[in-house]
1. Pick from Met102, Met86, Met54: which residue has the top mean-square fluctuation in a GNM of the chain where Cα pairs under 10 Å get a spring?
2. Could you provide, to the nearest whole Å², the per residue accessible area of segment 10-138 with probe 1.4 Å?
3. Could you tell me what percent of the accessible area of segment 55-150 is made up of carbon and sulfur, with a 1.4 Å probe and every protein chain present?
4. Of Thr47, Thr66, Thr125, which has the most accessible area with a 1.4 Å probe, and how do the rest follow in descending order?
5. Cut-off 10 angstrom, C-alpha nodes, Gaussian network model of the chain. Which of Tyr36, Tyr130, Tyr45 fluctuates the most?
6. In Å and whole numbers, how far do the C-alpha atoms of segment 78-120 stretch along each principal axis, longest first?
7. Please check the chain for the longest run free of trypsin sites (Lys or Arg not before Pro) that are loop-located per DSSP (anything but H, G, I, E, B) and have at most 13 other Cβ atoms within 10 Å.
8. Where in segment 87-128 is the amide nitrogen less than 11 Å from a point lying 7 Å along the Cα-to-Cβ axis of Thr142?
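The values are calculated or read from the model by the stated rules, or taken from the named source; none is laboratory data. Quick caveat: nothing in here was measured; it's all calculated off a predicted structure. Here Cβ is always computed from backbone atoms with ideal geometry, including for glycine, and neighbour counts include all displayed protein chains. The protein model used for the area step is the full one, side chains on, heavy atoms only, and it has no ligands, DNA or RNA in it. Shrake-Rupley method; radii C 1.70, N 1.55, O 1.52, S 1.80 Å.
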Amino acid sequence: MTSEEFDPSLVPELLVSNVSRSIDFWCGLCGFEIAYERPEEGFAYITRGSAHIMLEQKGIGRNWVTGPLERPFGRGINFQIAVPSMGPIEEALNRASYPLFMPPETKWYRIGDFEEAGVRQLLVTDPDGYLVRFQEPLGRRTPQQVRDSV
């Protein structure tokens, strides 16, 4: 991993109730890897490609809490994570009978007057209720391609 890959401009740090359970979800089911961890602080830095997330267990170490923390954590946010293929994540979640927030779908989003970007995506909540949207890119198309496919 290059220093640029390891030093992205934005890395969310999720306050979690149990870092081991979160690692089981993020790494065991969703394909992330532990880049480094500090178990004595209840902390893990995890990555999947260029997606980076820090996990910090509530009540251990230095927690920066701006207000009452109630489940589900992270209300009002979803983390979109681009993956080359959603298949392995979908299969792992199914094998674990892990509930999906939204089943897989194919969706085309307008990104300008003359272009759409396609994705195959699903949404799932982590053990603390953070909403995660895994997205596999399908490419781009023009409005004429849209009319032709109808």
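1. Per the Cα network of the chain with a 10 Å cutoff, Met102 tops the list.
2. I get 55 Å² per residue for segment 10-138.
3. Numbers: 3190 of 6120 Å².
Carbon and sulfur together cover 52 percent of it.
4. Working: Thr47 10, Thr66 150, Thr125 45 Å².
Of Thr47, Thr66, Thr125, the descending order of accessible area is Thr66, Thr125, Thr47.
5. Top of the fluctuation ranking is Tyr36.
6. 42, 20, 17
7. Numbers: sites that count: Arg62, Arg75.
Result for the longest clean stretch: 76-150.
8. Inside the label zone: 114-115.
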